[in-house]
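We did not get these values from a lab; they are worked out from the coordinates using the rules stated. Keep in mind that what you see is a predicted model, and the values were worked out from it rather than measured. Cβ coordinates were reconstructed from backbone atoms using ideal geometry, including for glycine residues, and neighbour counts include every protein chain displayed.
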Amino acid sequence: MTLLDVPFADVRGDTLHWTLDPVPCTPLASRTISLEDGLTVTLSVLGASHQVVVRRHGRPLLHETIACGISDASPLPGAHSAGGYRLGSHVASVGPDELAERASGLVERLSGRTDAVVAHFPGDPHAVTALTLDGVSDGEIAWRTWHTYPQTGEIVATTTSYRPEEVARV
C-alpha cells in the first residue's frame, strides 16, 4: 500500500469521467504486470482517479482513464461494450461505518499482492483508490478498481475486461 503525499481532493463519484483516449498524466502510484505474449498491464493511481494501460511489446493497445476533470470525456457509464472492451461501473452509497469497514477490508485483501496497487490519502484512512488485475483467461485481461469517497459516503467500483486480439482485428 502507498500512502500518498498529496491531500485528498473533495470529489464525488458523479464527477468521474471516462475515456479510452490517451490522457497524459503523472501517476502517484503505479505497478506494471508482465503477462504472456509481450503483454503488460500498468495500473496507475491518479489521486482519486485511475488509469490502466495495456501494451504489447511496449506499444500501447488500450488506455482506460477514469478521473475528474478530463476534457472531452464522457461521464462514467454504468456499462459500455465495444470492440473487445467491456466496462461495468457501480456507485454504492453507504454510511460512514460501512464505508470504513469496506475500505479497510479492501486494503487488507489487496495488501502485499504483486498484481495490485492500493493508495490512501493523508487525513482520512478510508480515502482509498485501489486497482487489481483479476487475471487473464482465454485471451481476455480483466481488472477491477475501487474509489472510496468518505466525505460523500460513496464507493465507486469498476470491472473491466479487454480482449486485445479482438481489437486488433477491428
Q: Find the eigenvalues of the gyration tensor of the Cα atoms of segment 8-103, then list the square roots of 5 times those eigenvalues as equivalent ellipsoid semi-axes, largest first, in whole angstrom.
A: 25, 16, 14
Q) Rg (Å, one decimal) plus Dmax (Å, integer) for the alpha carbons of segment 27-170? A) 15.2, 48
(Q) Can you compute the helix-only [θ] at 222 nm over the chain? Use -39500 (n - 2.57) per DSSP H run of at least 4 residues, normalise by all residues, nearest 500 deg cm²/dmol. (A) -3500 deg cm²/dmol
Q: Provide the per-residue ³J(HN,Hα) series for segment 49-57, in order, calculated from phi with Karplus coefficients 6.51, -1.76, 1.60 and θ = phi - 60°, each as a whole number of Hz, with x at glycine and proline positions.
A: 9, 8, 9, 10, 10, 9, 10, 10, 6
Q: List the relative contact order of segment 110-170 as a percent without decimals, with contacts defined as Cα pairs under 8 Å and 6+ residues apart.
A: 23
Q: Report ³J(HN,Hα) in whole Hz for each residue of segment 64-70, in order, from the Karplus equation J = 6.51 cos²θ - 1.76 cosθ + 1.60 where θ = phi - 60°; Gly and Pro get x.
A: 10, 10, 10, 7, 8, x, 8
Q: Could you grab the relative contact order for the chain? Cα pairs under 8 Å, six or more apart, rounded to a whole percent.
A: 25
Q: Grab the beta carbon distance between residue 138 and residue 97, set R0 = 41 Å, and tell me the FRET efficiency rounded to 0.05.
A: 0.55
Q | Cα→Cβ-extended label distance, 7 Å offset, between residue 124 and residue 25, nm | A | 1.8
**Q.** Crossing angle, helix 96-110 versus the chain [Cα axis fit, 0-90 degrees, rounded to tens]
**A.** 40
**Q.** For the chain, size of Cβ-based charge dipole, Lys and Arg +1, Asp and Glu -1, in debye
**A.** 380
Q) What does the charge count near residue 51 come to, summing +1 for each Lys or Arg and -1 for each Asp or Glu among other residues with Cβ under 13 Å from its Cβ? A) 0
Q: Scan around residue 48 for amide H atoms under 5 Å from its own, H built in the peptide plane at 1.01 Å from N, and keep only partners 5 or more places away or cross-chain.
A: 9
